[in-house]
1. Criterion first (open to solvent by 70 Å² or more (accessible area, probe 1.4 Å), aliphatic (A, V, I, L, M) and in a helix (DSSP H, G or I)) does Leu157 satisfy it?
2. For a quick check of your reading of the model, give me the residue pairs whose first member lies in the range 87-99 and is farther than 13 Å from Leu185 by Cα, whose second is part of a helix (DSSP H, G or I) and of a type in the set (S, T, N, Q), with beta-carbon atoms closer than 9 Å and at least 6 apart or on different chains.
3. What is the residue count in the range 164-175 for residues that are surrounded by fewer than 20 Cβ atoms within 10 Å (Cβ to Cβ) and either part of a loop (DSSP other than H, G, I, E, B) or among the aliphatic types (A, V, I, L, M) (or both)?
4. For the range 13-36, enumerate the residues that are of a type in the set (Val, Ile, Thr) and surrounded by fewer than 19 Cβ atoms within 10 Å (Cβ to Cβ).
5. Being at pLDDT 85 or above, surrounded by 13 or more Cβ atoms within 10 Å (Cβ to Cβ) and over 23 Å from Val101 (Cα atoms): is that true of Pro120 here?
6. Filtering the range 123-144 down to residues that are over 13 Å from the mean Cα position of the chain (by Cα) and at pLDDT 90 or above, which residue is most open to solvent (accessible area, probe 1.4 Å)?
7. Can you tell me which of Glu39, Glu10 is surrounded by fewer than 13 Cβ atoms within 10 Å (Cβ to Cβ), more than 23 Å from the chain's Cα centre (by Cα) and acidic (Asp, Glu)?
8. Of the conditions (1) surrounded by fewer than 21 Cβ atoms within 10 Å (Cβ to Cβ); (2) in a helix (DSSP H, G or I); (3) aliphatic (A, V, I, L, M), Val147 clears all except one; give me its number.
Amino acid sequence: MDTTTVGLRERKKQKTRAELIDAGFRLFTERGFDQTTIEDIVDQVEVSPRTFFRYFDSKEDVVIGFFDDMGLELRDLVEARPADEPPFTAARRALGSLVDVYIAEEDRVVAAKRLSYETPSIRARLLDKHARWENGMTEALAARMQVDPDRDPRPRLIAAVTLAAYSTAVGDWCSRSGKGDLHALVDDALEAVGTGLDHAKSTPASA
């Protein structure tokens, strides 16, 4: 198959997925999550429910899909950090780069946080998302540290602590409706937890 055809098809899929997410967030904001149906979302994009289910398993996935994309980007950002950079610093700088994406998508991030407070099913899925982000960052840090994350707890410790600090800062920012300096909030949160993590000694887990 012609690579140009494949590329066009893939771009069309990405465009449809993005349009479904945009329509979903818009309707969730205007009508409320529970009051919005899948049929409402697909009508906005002029596709069928069958098309919707090619991209998402549920309404909740419309909200979570954005954050899953960010999780993949975060892992790439960690992997792209200089090889000689200490692990906590690499995680911190990667999260700092992700802040720019959050600021650019301020309305969506704030809306998703608000939906998570109002909707238990979304809140549960966001916890799953956090676990996926942590696993991805753990694997990226373990690779750069050249350790087995099942035997050396440091990669997961750094991933868990940095993501908890990041989530706390983002939650604070969202509670202010996106007002304030998110870079400063994230830097302050990571500074508060970072002392010593760049130089933590290896403590392999027992066999």
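1. So Leu157 fits the description; yes.
2. If the second residue must be part of a helix (DSSP H, G or I) and of a type in the set (S, T, N, Q), the pairs left are Phe88/Thr162; Ala91/Thr162; Ala94/Thr162.
3. Just the residues of the range 164-175 that are surrounded by fewer than 20 Cβ atoms within 10 Å (Cβ to Cβ), to begin with: 164, 167-168, 171-172, 175.
Adding the requirement that they be either part of a loop (DSSP other than H, G, I, E, B) or among the aliphatic types (A, V, I, L, M) (or both) leaves 164.
Looking only at that region, the number is 1.
4. First, pick out the residues of the range 13-36 that are of a type in the set (Val, Ile, Thr): 16, 21, 29, 36.
Thr16, Thr29 - these are the residues of the range 13-36 that are of a type in the set (Val, Ile, Thr) and surrounded by fewer than 19 Cβ atoms within 10 Å (Cβ to Cβ).
5. Numbers: at pLDDT 85 or above: yes; surrounded by 13 or more Cβ atoms within 10 Å (Cβ to Cβ): no; over 23 Å from Val101 (Cα atoms): yes.
In short, no.
6. Looking at residues that are over 13 Å from the mean Cα position of the chain (by Cα) and at pLDDT 90 or above, I get Glu139.
7. Numbers: Glu10 fails: more than 23 Å from the chain's Cα centre (by Cα).
Only one candidate passes the filter, namely Glu39.
8. (2)
The values are calculated or read from the model by the stated rules, or taken from the named source; none is laboratory data. All values reported here derive from a predicted model rather than from experimental measurement. All Cβ positions, even for glycine, are placed from backbone atoms using ideal geometry, and neighbour counts span all protein chains on display. Each accessible area value is taken on the protein alone, full model and side chains, heavy atoms only, with ligands, DNA and RNA left out. Shrake-Rupley method; radii C 1.70, N 1.55, O 1.52, S 1.80 Å.
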